[in-house]
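Right, one structure below, let's go through it.
The values are calculated or read from the model by the stated rules, or taken from the named source; none is laboratory data. None of the values given here were measured: they were computed from a predicted structure. Note that each Cβ is placed from the backbone with ideal geometry, even for glycine, and that neighbours are counted across all protein chains shown.
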Amino acid sequence: MVVLDGKALSTTIKNEIRVEVDQIIARGERPPHLAAVLVGNNPASEAYVGNKVRSCEQVGFSSTLIRRPESTTEEELLHIVRDLNEDPDVDGFIVQLPLPQHINEEKVTLAIDPKKDVDGFHPLNFGRMAQGLPAYLPATPQGILLLLERNDIETSGQHVVIVGRSNIVGTPMGLLLSRKDKMGNATVTMTHSRTKDLASETRRADIIVAAIGIPHFITADMVKDGVVVIDVGINRIADASRKSGSRLVGDVDYDAVAPKSKAITPVPGGVGPMTVTALMLNTLKARRKEISY
Ligand code: NAD
């Protein structure tokens with residue numbers, strides 16, 4: 001069994017990005033610049049944004065963190081988005097989700113200039129991705145493709161079962177893995193909360209992508225021997241043995257599933273770091289103005 005070490009791979013890819021950033025700077029040009037907008041004090045969002053800012057430092061990007069209180073109005077946030085759209089020194093930016101209840105996330109996502117939408121959440125980027133056109137790919141599925149590619153895991157002709165159909169993970173993952181591309185050509189089964197007899201689907205999978213948000217949801221009896229398991233879940237559960245009183249676990253019952261697997265991602269240290277690294281790659285793309293719309 002191979003542990004797919006997303007932490008180590010993300011360090012390798014960040015070093016590759018750093019080399020390119022050093023070349024940009026050596027040419028006398030400014031480094032890529034990522035801005036992040038964080039509204040409110042959601043602890044998970046604080047941690048995610050903190051990771052993104054730290055990663056920018058590691059790869060040599062400049063970054064700006066715009067923090068606003070929970071009470072920020074939708075109009076105020078839209079104003080910030082418009083300013084970032086127009087700022088020539090910002091290559092790409094993200095608005096960290098979830099937003100407070102009184103702000104319409106769809107409206108905010110639509111207001112982001114697709115050319116700066118490094119999260120790949122704007123419908124224009126999503127549509128371009130679905131049609132196989134150049135686009136900013138959503139960070140988590142992109143990070144998973146890199147993890148598979150760099151670990152020489154074949155997707156062509158493989159049966160992939162995706163559990164969870166969110167717009168940011170499950171659905172784009174299915175589109176990317178089934179398209180005609182180097183890391184595609186898989187036969188994809190998309191499953192979700194209304195799937196009947198989920199275990200009979202997952203047991204047929206060569207590759208499982210679990211993006212559900214329920215701790216230890218995928219159990220050993222749901223997978224066949226030799227499966228490749230990609231665990232996207234990040235769930236905090238109580239653990240009295242830890243000083244913090246809790247720990248992070250995935251959507252897969254790792255201890256029971258790992259012995260049956262050909263390869264598996266740990267949580268933490270699997271998909272999470274690859275997601276942040278994919279965001280760095282998108283920001284580099286934005287700096288290069290690589291995608292023309
Ligand atoms: P979501 O909450 O938007 O969607 C969950 C999906 O799970 C839904 O499509 C639903 O149909 C499906 N589901 C729920 N119960 C089910 C059941 N009993 N059987 C089958 N399917 C079921 O999820 P999301 O935003 O994709 O996030 C999923 C998990 O991944 C969360 O734990 C989240 O924290 C984590 N996540 C991690 C990263 C990362 O970088 N590692 C990125 C995004 C999300």
Can you tell me which of (1) under 17 Å from residue 156 (Cβ atoms); (2) under 20 Å from the mean Cα position of the chain (by Cα); (3) surrounded by fewer than 21 Cβ atoms within 10 Å (Cβ to Cβ) is the one residue 187 doesn't meet?
(2)
Looking at the range 270-293 only, could you name the residues that are hydroxyl-bearing (Ser, Thr, Tyr), modelled with pLDDT of 95 or more and more than 9 Å from residue 32 (Cβ to Cβ)?
275, 277
Quick check: anything in the range 172-190 outside any loop (DSSP other than H, G, I, E, B) and within 7 Å of the ligand (Cβ to nearest atom)?
no
Looking only at the range 235-265, which residues are touching a Leu at 6+ places or on another chain (Cβ under 8 Å) and assigned to a loop (DSSP other than H, G, I, E, B)?
265
Has the range 59-81 got any residue that is part of a helix (DSSP H, G or I) and either closer than 27 Å to residue 244 by Cα or of a type in the set (S, T, N, Q) (or both)?
no
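Within the range 153-169, count every residue that is among the polar types (S, T, N, Q) and within 16 Å of the ligand (Cβ to nearest atom). Spell out the reasoning first.
Kept after step one, since they are among the polar types (S, T, N, Q), are these residues of the range 153-169: 155-156, 158, 166-167.
Going one step further and asking which of them are within 16 Å of the ligand (Cβ to nearest atom), we end up with 166-167.
Final tally of qualifying residues: 2.
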Scan the range 135-161 residue by residue and report those that are buried (at least 23 other Cβ atoms within 10 Å of the Cβ) and more than 28 Å from residue 16 (Cβ to Cβ).
161
Members of the range 193-234 that are part of a loop (DSSP other than H, G, I, E, B), among the hydrophobic types (A, V, I, L, M, F, W, C) and either more than 10 Å from the ligand (Cβ to nearest atom) or not assigned by TED's automatic domain parsing to the domain that holds residue 174 (or both)
205, 223
Filter the range 241-293 down to residues that are surrounded by fewer than 23 Cβ atoms within 10 Å (Cβ to Cβ) and among the polar types (S, T, N, Q) and give me whichever is nearest to the ligand (Cβ to nearest atom).
246
Residue list for the range 159-178, restricted to those being within 23 Å of residue 226 (Cβ to Cβ) and touching a Phe, Trp or Tyr at 6+ places or on another chain (Cβ under 9 Å)
163
Write out, first by first residue and then by second, each pair whose Cβ atoms fall under 6 Å of each other, whose residues are 6+ apart or on separate chains, and whose first residue, in the range 176-205, is modelled with pLDDT under 95 while the second is surrounded by fewer than 18 Cβ atoms within 10 Å (Cβ to Cβ) and of a type outside the set (Lys, Arg).
none
Is there any pair linking a residue in the range 267-293 that is free of Cβ contacts under 8 Å to residues at least 40 places away in the same chain and aliphatic (A, V, I, L, M) to one that is more than 9 Å from the ligand (Cβ to nearest atom) and assigned to a helix (DSSP H, G or I), with Cβ under 8 Å and at least six apart or on different chains, and which?
267/254
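Can residue 55 be described as in contact with a helix residue (DSSP H, G or I) (Cβ under 9 Å, 6 or more places away or on another chain), touching a residue at least 60 places away in the same chain (Cβ under 8 Å), under 20 Å from residue 287 (Cα atoms) and of a type in the set (Ser, Thr, Tyr)?
Details: in contact with a helix residue (DSSP H, G or I) (Cβ under 9 Å, 6 or more places away or on another chain): yes; touching a residue at least 60 places away in the same chain (Cβ under 8 Å): yes; under 20 Å from residue 287 (Cα atoms): yes; of a type in the set (Ser, Thr, Tyr): yes.
Against the criterion (in contact with a helix residue (DSSP H, G or I) (Cβ under 9 Å, 6 or more places away or on another chain), touching a residue at least 60 places away in the same chain (Cβ under 8 Å), under 20 Å from residue 287 (Cα atoms) and of a type in the set (Ser, Thr, Tyr)), residue 55 qualifies.
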Residue pairs qualifying under the 7 Å Cβ cut-off, at least six apart or on distinct chains, with the first in the range 230-244 being of a type in the set (Val, Ile, Thr) and the second being in a loop (DSSP other than H, G, I, E, B), are 230/265; 232/169; 232/211; 232/251; 234/267; 237/215
Taking the range 16-57 and keeping residues part of a helix (DSSP H, G or I) and among the acidic types (Asp, Glu) leaves 16, 20, 22, 46, 57
